[in-house]
Amino acid sequence: MQTFNFSFLNYENSMKKIVGLLLFVMVYHTSLAQDKFTISGYIRDAQNGESLIGATVLIKELGTGVVSNVYGFYSITLPSDTYEVEYSYIGYSSQIKQLSLVENIKLDIELSSSLQQLNEVIISGEAEDENVSSMEMSTNKLDIETIKKIPAFMGEVDVLKSIQLLPGVSTVGEGAAGFNVRGGGVGQNLVLLDEAPVYNPSHLFGFFSVFNPDAVKDTKLYKGAIPAQFGGRISSLLDVRMKEGNNKELSTSGGIGTVFSRLAIEAPIIKNKSSFIVAARRSYIDVLAKPFVEELKNTGLSFYDLTLKTNYNLNDNNQLYLSGYFGRDVFKFDANQGFNWGSKTATLRWNHLFSDKLFSNFTLVYSKYDYQLAFGEDENDFFKWDSNVTNYIFKPSFTYYLNKSHEISFGGAMIYYQFEPANAAVGSGGDVINLSLGKKYNLESAVYINNNQKISNTFSVEYGLRFSSFQQLGAGTSYQYENPVIGESKVVTGFETFDKNEIIASYSNFEPRLSFKYQPNSKNSIKGSYNRMSQYIHLISNTTASNPLDVWTASSNNIAPQLGDQFTLGYFRNFSNNDFETSVEVYARNTQNQIDYIDGAEILINEQLEADLLSGIGRAYGVELFVKKNSGKLNGWISYTLGKTELKVEGINNDDWYPTKFDQTHNLKIVGFYDLNKRVSISTNFSFVTGTPTTFPTSRFMMQGVLVPHNSYNSRNNIRLPNYHRLDLSVRIDGKKVKKGKPRKVEDYFSVGVYNLYANRNAFSIYFSQSEGRFQPNQPIPSQATKVSIIGTVIPSISYNFKF
Amino acid sequence: MKNRFNIAIAFFLVFSWGCDDIIEVELPVGAPVLVVDAWLNDKPEDQFILLTTTIPYFDNVLQPQVPGAVITVKDSDGNTYDFTEQSDGKYRWSPSVLQPKLGNIGSDFELSIDVNGQKYSASTFMGRVPEIDSLSFTFEEGNSFIDDYYYAEFWADDLVGEGDIYWIKTIKNGIPLNKPSEISLAYDAGFSEGGIVDGVTFIQPIRQSINPFEEDKDGVFQSPYLTGDTVYVEIHSISVAAFQFLNEVKITTDRPGGFGELFAQPLSNVPTNISNNNLAIENDVVGFFNVASVSGLGKRFE
């Protein structure tokens, strides 16, 4: 019996000491720098009070500046002088302030949106030359206004569908949940909604995402160069931020579409100080069909979600935010049977300004993802299964705006995981048998420090270090395995039981993060980065595409954490006064401890799941080309990615490299918007993607009356499906702004769209089977190949959207 | 039973835009591999082992047989069973006064094949089987999608003690139900290892696995059984390896099609328990060796 082990707390104590020391040094340093003063404050939208993320504060005399953080806060420390400061944000009218800096200035700014201009199209909510001047690379920020213009599936605007139009982002096809970034798996993306991790960001097998566009303020996808303050997944970070809610007046928006109905209400609780937003969506195909089809009386087919947020501005130095999400997908076959899955998250955050230069944020998160299956017609014969993963998270983070050349961030995170892989029971003839697997407990923690340093007007670097650590904790059982035949299920050779909070296995990793930018002028820049990421929990999927029944499992004595090293290098160039943005970016990522599964792995309700998993290495590399036109009546972008992603696992494909199921050699997306006139705009997008790798047989044989396919090379993913291509079109008609001489209170628009305009039957998979029918024992059985298309026709849609 | 239709309706409403198309594809060419079909049992009748080779996947012909092999089965009680080549290409062992049936419950068995200069072997174990207590036919009311129908159920209890594994085979009106969807396996009284569904009556889905589900050429659902039909159910004991093999065969061959493919596994080769004695040579044989004990019961639906 082992005693309770405190070792995982030791470095946390050290972290507290380091933080304390840093705070002391900073406050002391601040008090010494008498000839420098700080301008700081919040930048917000004048109409609704929403903080503006990434707004630019440019000191004209110096040609340099800062951007506001995710809470809208900015801070810049300069020598005492007079300055002309320009505050700007794309889609908003800039403001210029003359400031005489003889003491610290607290200046909150409210910018007004300037949407009236015809030529102004919001494609990126950043400074006009942001792609060149920002330190960030490998990131894409999609403004919600742009997302709303992209022709959506079934008329529903969608965040995940929109990011799939960016370079380096793809999916396996319709029906696949999640998304893939630079050849990484679906489970290798960290998806955050107001800092709460979202394990399955899709409703209904990937057709829609869980993000309600009415509640989303900002989405940013980091494909590489992930800042040190984030960790836990090796491929990408999708950071979705919710709106705080209009704190000046009541605002209602919503829509009625072919699939969902949406309603969002935002209003101030105390004007300019506190507000809330509640946004809800529900699908209603079943509600509409039920009265007409008797059999559907007890069936249910629905997906719904509720997104809420409230905030309170205590005083100039303290703000509180509380956000939550609750959503579900339900398939009910009858009163007792069906399956459903969904997430709930809650985030509490406290922003605290220690001083004009030290911004801090403390976050507490609760997140739970679960799915349930139930079969059986009565209490005597049934099967019930529930699986879930729960997180409790605490994240303190600090940003110290030292001076105009250094921005230091540091902080940490602690995540406590509780996995319940199977809470299941089966009833047979009145006997009830418990099939549950034991719960699993884990703790993931990290500390980081990072500095964003401007070395000169043309050269900046960002360097940081994250140290992460993971413990598998009891109570629980760990197994030891032997592997007599590689590629087959391992054999249990022993097990050990542990008490509550005893450490079963422990891992830790240093994750250096590095990036640089060389910008000789405002038109072009070269950026490069290196980062190492580690991932301690893994998504196991043995189907063609990821689906809600995929299993999340944690590192253990048998499963080592995944590690990824990514290098990127890019050249960014703007033309014609920022009317054209172009970039070329190459990336290379090597990964270790990639999890794959043996042929015939049993991943559901399997106490010995680890016996069916194999570990290997991966490599992904590619080049992304991106051209974007920002102004004029016709605008949009073209993105093209040429890439390759493979795995090498002992026991699979004869120990040779093989392509992963999301390896797409060519990935071309063309997106266009055309403003016909003041009220009508057309948008279109075209996708062309190389077919998904798949395994085809070479031969066949009969076994006890059944036709069995066989691949005599024993290879995996030896063939590619036909290429995928699709064209979508939609027309948006804005409602009149003026009615009978008076301006209308309601802003509304119709969106009429067509998905898959030329009805291409893109292959989701091709499977091989014997023909239908019953055959005599001595008759040869005919074989056939069947192509499955999830979407095989044109899908029209219409939606009406309003706001008042 | 009703579930299937409700599932279909539920998916239809949302997914009435997908489709399945039978298509022509070109497949890579692979070398032929030896196929061993060695499923034996302890019934007092002739036992057959078939040796063939694989053929290209779209060749709709019977596999060529492999002549000239020397095949023997030995058991742990010291018996040797010789299989001799017949004129029709099969290898047969016949019961005799000295060897009335092949093997006993609880024995281990070893298969040896000497063919084309290669030697192969496999081993297995004969497990025990419970008696089938009874067979029943039950009436079920239809709904607007299907007419009234009758379904059959077999009643038997798994033997007490974890690890009894069975293959349930059904013959309706003299025709074996051997479509991929009709492969019915049981681990103790349930679907898989867990040791908890032991010694009890087989669970309902297994009891009802003896029903064929078919539609006629107009797509109308057919009642699994009608008055005058006969059903004959056999329970065969299989080894753990045979259970995994048949599960893999089922996953590979029983394709759901349509939206079910969202949850289906990609193609992979089924395992085998037969190997070339020369360990340096791999992947040159497929198939399986199992020796079963069998219990059976039949009934006519009056």
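What do you reckon, is A:Ala588 surrounded by 22 or more Cβ atoms within 10 Å (Cβ to Cβ), more than 14 Å from every other protein chain (Cβ to nearest Cβ) and in a strand (DSSP E or B)?
no
What are the residues in the stretch A:163-199 that are of a type outside the set (A, V, I, L, M, F, W, C) and at pLDDT below 85, if any? First the steps, then the outcome.
Let us first name the residues in the stretch A:163-199 that are of a type outside the set (A, V, I, L, M, F, W, C), namely A:164, A:167-168, A:170-171, A:173-175, A:178, A:180, A:182-185, A:187-189, A:194-195, A:197, A:199.
Residues satisfying the conditions are A:Gly173, A:Glu174, A:Gly175.
Which ranges mark the strands (runs of 3 or more DSSP E) fully within the stretch B:229-302 that have 1 or more residues being surrounded by fewer than 17 Cβ atoms within 10 Å (Cβ to Cβ)? Steps first, answer last, please.
Values: elements: B:230-237, B:285-292, B:294-300.
Result: B:230-237, B:294-300.
Of everything in the stretch A:314-328, what is in contact with a Leu (Cβ under 8 Å, 6 or more places away or on another chain), of a type outside the set (Phe, Trp, Tyr) and either touching a residue at least 60 places away in the same chain (Cβ under 8 Å) or over 26 Å from A:Phe276 (Cβ atoms) (or both)? Give them in sequence order.
Those that are in contact with a Leu (Cβ under 8 Å, 6 or more places away or on another chain), of a type outside the set (Phe, Trp, Tyr) and either touching a residue at least 60 places away in the same chain (Cβ under 8 Å) or over 26 Å from A:Phe276 (Cβ atoms) (or both): A:Asp316, A:Ser323, A:Gly327.
What are the residues in the stretch A:455-467 that are surrounded by fewer than 18 Cβ atoms within 10 Å (Cβ to Cβ) and in a strand (DSSP E or B), if any?
Within the stretch A:455-467, A:Phe459, A:Val461, A:Tyr463, A:Leu465 meet the criteria.
Hey, can you tell me all the residues within the stretch B:260-277 that are touching a strand residue (DSSP E or B) at 6+ places or on another chain (Cβ under 8 Å) and either facing another protein chain (nearest Cβ under 7 Å) or over 18 Å from A:Ser715 (Cα atoms) (or both)? Break it down into steps so the answer makes sense when it comes.
Residues of the stretch B:260-277 that are touching a strand residue (DSSP E or B) at 6+ places or on another chain (Cβ under 8 Å), as a first pass: B:261, B:264, B:266-267, B:269-270, B:272-277.
Across the stretch B:260-277, the qualifying residues are B:Glu261, B:Ala264, B:Pro266, B:Leu267, B:Asn269, B:Val270, B:Asn273, B:Ile274, B:Ser275, B:Asn276, B:Asn277.
Considering only residues that are more than 14 Å from every other protein chain (Cβ to nearest Cβ) and either among the aromatic types (Phe, Trp, Tyr) or under 22 Å from A:Phe276 (Cβ atoms) (or both), which ones fall in the stretch A:329-349?
A:Ser343, A:Lys344, A:Thr345, A:Ala346, A:Thr347, A:Leu348, A:Arg349
Given the structure, is A:Val57 hydrophobic (A, V, I, L, M, F, W, C) and modelled with pLDDT of 90 or more?
yes
So which residues in the stretch A:327-345 are part of a strand (DSSP E or B) and more than 17 Å from the chain's Cα centre (by Cα), if there are any at all? Break it down into steps so the answer makes sense when it comes.
Residues of the stretch A:327-345 part of a strand (DSSP E or B): A:327-332, A:338-345.
Passing the criteria: A:Arg328, A:Asp329, A:Val330, A:Phe331, A:Lys332, A:Gly338, A:Phe339, A:Asn340, A:Trp341.
Of everything in the stretch B:6-55, what is more than 7 Å from chain A (Cβ to nearest Cβ) and at pLDDT below 90? Give them in sequence order.
If the condition is that a residue be more than 7 Å from chain A (Cβ to nearest Cβ) and at pLDDT below 90, then B:Ala8, B:Phe11, B:Phe12, B:Phe15, B:Ser16 are the ones that fit.
For residues that are modelled with pLDDT of 90 or more and in a loop (DSSP other than H, G, I, E, B), scanning just the stretch B:161-173, find the one that is farthest from the chain's Cα centre (by Cα).
We begin by selecting, within the stretch B:161-173, every residue modelled with pLDDT of 90 or more; these are B:164-173.
With in a loop (DSSP other than H, G, I, E, B) added as a condition, the list becomes B:164, B:173.
Values: B:Asp164: 16, B:Asn173: 19 Å.
If we take residues in the stretch B:161-173 being modelled with pLDDT of 90 or more and in a loop (DSSP other than H, G, I, E, B), then B:Asn173 is farthest from the chain's Cα centre (by Cα).
Would you mind stating whether A:Lys629 is of a type outside the set (Phe, Trp, Tyr) and under 22 Å from A:Val186 (Cα atoms)?
When the stated conditions are applied, A:Lys629 does not pass them.
How about the stretch A:199-279: which strands (runs of 3 or more DSSP E) wholly inside it have at least 3 residues that are farther than 27 Å from A:Ser170 by Cβ?
By residue number, A:251-256, A:260-270.
Select from the stretch A:215-230 the residues that are in contact with a Gly (Cβ under 7 Å, 6 or more places away or on another chain) and buried (at least 24 other Cβ atoms within 10 Å of the Cβ) and write down the one among them that is farthest from A:Glu624 (Cα to Cα).
That would be A:Ala228.
I'd like to check something: does the stretch A:762-771 contain any residue that is within 12 Å of another protein chain (Cβ to nearest Cβ), part of a strand (DSSP E or B) and under 30 Å from A:Gly245 (Cβ atoms)?
no
Have a look at B:Val66, B:Val61 and point out the one that is of a type in the set (Val, Ile, Thr), at pLDDT below 95 and crowded, with 17+ Cβ neighbours inside 10 Å.
Numbers: B:Val61 fails: crowded, with 17+ Cβ neighbours inside 10 Å.
Being of a type in the set (Val, Ile, Thr), at pLDDT below 95 and crowded, with 17+ Cβ neighbours inside 10 Å holds for just one of B:Val66, B:Val61, which is B:Val66.
So, of the residues in the stretch B:186-214 that are in a strand (DSSP E or B) and in contact with a Ser or Thr (Cβ under 9 Å, 6 or more places away or on another chain), which turns out to be nearest to the other protein chains (Cβ to nearest Cβ)? Outline the logic, then answer.
So in the stretch B:186-214, the residues in a strand (DSSP E or B) come out as B:186-187, B:190, B:201.
Pick out the ones that are also in contact with a Ser or Thr (Cβ under 9 Å, 6 or more places away or on another chain) and you get B:186, B:190, B:201.
Details: B:Ala186: 11, B:Gly190: 6, B:Thr201: 5 Å.
In this case the residue turns out to be B:Thr201.
Could we say that B:Asp164 is farther than 24 Å from A:Arg774 by Cα and more than 8 Å from chain A (Cβ to nearest Cβ) here? Can you show your working first?
Numbers: farther than 24 Å from A:Arg774 by Cα: yes; more than 8 Å from chain A (Cβ to nearest Cβ): yes.
Spelling it out, B:Asp164 is indeed farther than 24 Å from A:Arg774 by Cα and more than 8 Å from chain A (Cβ to nearest Cβ).
Could you tell me how many of the residues in the stretch B:215-234 are touching a Gly at 6+ places or on another chain (Cβ under 9 Å) and within 14 Å of chain A (Cβ to nearest Cβ)?
2
Can you tell me which residue in the stretch A:503-544 is surrounded by the fewest Cβ atoms within 10 Å (Cβ to Cβ), limited to those that are within 14 Å of chain B (Cβ to nearest Cβ) and either over 20 Å from the mean Cα position of the chain (by Cα) or closer than 20 Å to A:Leu465 by Cβ (or both)?
A:Thr543
Test A:Arg726 against the criterion of being within 14 Å of chain B (Cβ to nearest Cβ), surrounded by fewer than 22 Cβ atoms within 10 Å (Cβ to Cβ), of a type in the set (D, E, K, R) and in a strand (DSSP E or B), and give yes or no. So that I can check it myself, show each step before the final result.
On the way: within 14 Å of chain B (Cβ to nearest Cβ): yes; surrounded by fewer than 22 Cβ atoms within 10 Å (Cβ to Cβ): yes; of a type in the set (D, E, K, R): yes; in a strand (DSSP E or B): yes.
Spelling it out, A:Arg726 is indeed within 14 Å of chain B (Cβ to nearest Cβ), surrounded by fewer than 22 Cβ atoms within 10 Å (Cβ to Cβ), of a type in the set (D, E, K, R) and in a strand (DSSP E or B).
Out of the stretch A:744-757, which residues are out of contact with any Lys or Arg (no Cβ under 7 Å at 6 or more places or on another chain), within 14 Å of another protein chain (Cβ to nearest Cβ) and of a type outside the set (Val, Ile, Thr)?
A:Tyr755, A:Leu757
Which condition number does A:Thr684 fail, the rest of (1) surrounded by fewer than 16 Cβ atoms within 10 Å (Cβ to Cβ); (2) farther than 30 Å from A:Gln188 by Cβ being met?
Just one mismatch for A:Thr684, condition (1).
Is it true that some residue in the stretch A:281-292 is more than 30 Å from B:Ile146 (Cβ to Cβ), more than 14 Å from chain B (Cβ to nearest Cβ), buried (at least 17 other Cβ atoms within 10 Å of the Cβ) and modelled with pLDDT under 95? I'd like the intermediate steps shown before the answer.
Of all residues in the stretch A:281-292, those more than 30 Å from B:Ile146 (Cβ to Cβ) come to A:281-282.
Now narrow it down to the ones that are more than 14 Å from chain B (Cβ to nearest Cβ): A:281-282.
When the remaining residues are screened for being buried (at least 17 other Cβ atoms within 10 Å of the Cβ), the result is A:281.
Filter once more, so that each one left must be modelled with pLDDT under 95: A:281.
Yes: the stretch A:281-292 contains one or more residues that are more than 30 Å from B:Ile146 (Cβ to Cβ), more than 14 Å from chain B (Cβ to nearest Cβ), buried (at least 17 other Cβ atoms within 10 Å of the Cβ) and modelled with pLDDT under 95.
Per-residue answers, yes or no, for (1) more than 14 Å from chain B (Cβ to nearest Cβ); (2) under 19 Å from A:Ile150 (Cβ atoms):
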site: A:Asp734; (1), (2): yes, yes
site: A:Val738; (1), (2): yes, no
site: A:Lys742; (1), (2): yes, no
site: A:Asn778; (1), (2): no, no
site: A:Ala785; (1), (2): no, no
site: A:Ser789; (1), (2): no, no
site: A:Gly792; (1), (2): no, no
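Every residue in the stretch A:468-502 that is of a type in the set (Gly, Ala, Ser), farther than 19 Å from A:Gly438 by Cβ and part of a loop (DSSP other than H, G, I, E, B), please.
Here is the first cut: in the stretch A:468-502, the residues of a type in the set (Gly, Ala, Ser) are A:468-469, A:474-476, A:478, A:487, A:489, A:494.
Next, only the ones that are farther than 19 Å from A:Gly438 by Cβ stay: A:468-469, A:487, A:489.
Scanning the stretch A:468-502 gives A:Gly487, A:Ser489.
The values are calculated or read from the model by the stated rules, or taken from the named source; none is laboratory data. The structure presented is a predicted model; accordingly, all values stated were derived computationally and were not measured. FYI the Cβ positions are ideal-geometry reconstructions off the backbone, even for glycines, and counts take in every protein chain you see.
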